[in-house]
Amino acid sequence: MVRFRAFKATDDEASCLKFIEGHRKVLEIFGITMITSAKHEWVNHNNTYVILVESLEDGRALGGARIQIADEDLALPIETAIGKLDVNIYRQLEYRKPLTGELCGLWNSKEIAGFGVGSIFLIRAAVALAHSLNLTSLFALCAPATVRGGKKTGFDINIELGNNGQFYYPKLDLIATAVIIDNLRTLEKADPDVKELVFDLINNPVQVRHEKSPKGDIVITYELQIPKMVSQ
């Protein structure tokens, strides 16, 4: 069994460090040592929220993702990653602020992938969290393996950026695709079954679900409610 636990970055430094170390190890497997979403300034950023995937047996970090809300204090990773390649990213962000942000830093270990819990479950949980944070749009920069799962969850390829949304990033032999959800409140472009699952997480952020995956069923404990969010 695994747990998807959400928290505000500035509320839990120890869990942030678990996230960082797990992300670093996964990136090193692919020979990636420099990537904007792996920088650590977000740990002290008041508008960053984290989902950490943990083993319920021993607490090991198995995966994670972040929602970083756009503000004037810290640039979004997508700004730093592609801003020099396409300045249109700044224009797109400016007219969507302050109710926009980025799904970034998504990673999962080989172990959790072996359980059948890949990026698709993290994308769904992160979109539910972004909705609960009252965002109306959400940017992301996807590796090829996550584009399909993103589209099922309501992301569109951001064809106004790069070469129809694509960039050589973070290395010249790797392609990243810029995607965006511009209807986060309704998720009208998500697959109907995925939309239903996401809104169930929005309405019931603390729950245990028996999820179906290509490797069979798995039990996931979701703890997506952030205590300080209740008073917002």
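Nothing in this text is a laboratory measurement; each read-out follows from the coordinates by a stated rule. Note that the coordinates shown come from a computational prediction; the quantities given were computed from them, not determined experimentally. So basically every Cβ, Gly included, is an ideal-geometry build from the backbone, and we count neighbours across all protein chains shown.
Look at the alpha carbon pairs under 8 Å that are at least 6 residues apart: their mean separation over the length of region 121-232 gives a relative contact order of 27 percent.
Comparing Ile123, Ser109, Asn134 along the charge dipole axis of region 82-171, the residue lying farthest to the positive side is Ser109, per the Cβ-charge model.
Screening the chain for DSSP H helices whose Cα atoms reach 15 Å or more along their own axis and whose mean Kyte hydropathy is at least 0.0 gives 13-29, 119-132, 192-203. For a straight C-alpha distance cut-off of 21 angstrom, the lysines reachable from Lys97 (same-chain residues fewer than eight places away being disregarded) are Lys8, Lys84.
So if we plug the beta-carbon distance of Lys84 and Asp11 into 1/(1 + (r/R0)^6) with R0 = 25 Å, what FRET efficiency do we get, rounded to 0.05?
The value I calculate is 0.15.
Can you pull out the trypsin sites (Lys or Arg not before Pro) in region 65-103 whose DSSP state is coil and whose Cβ has at most 13 other Cβ atoms within 10 Å? Of the trypsin sites (Lys or Arg not before Pro), the ones in loops of region 65-103 whose Cβ has at most 13 other Cβ atoms within 10 Å are Lys84.
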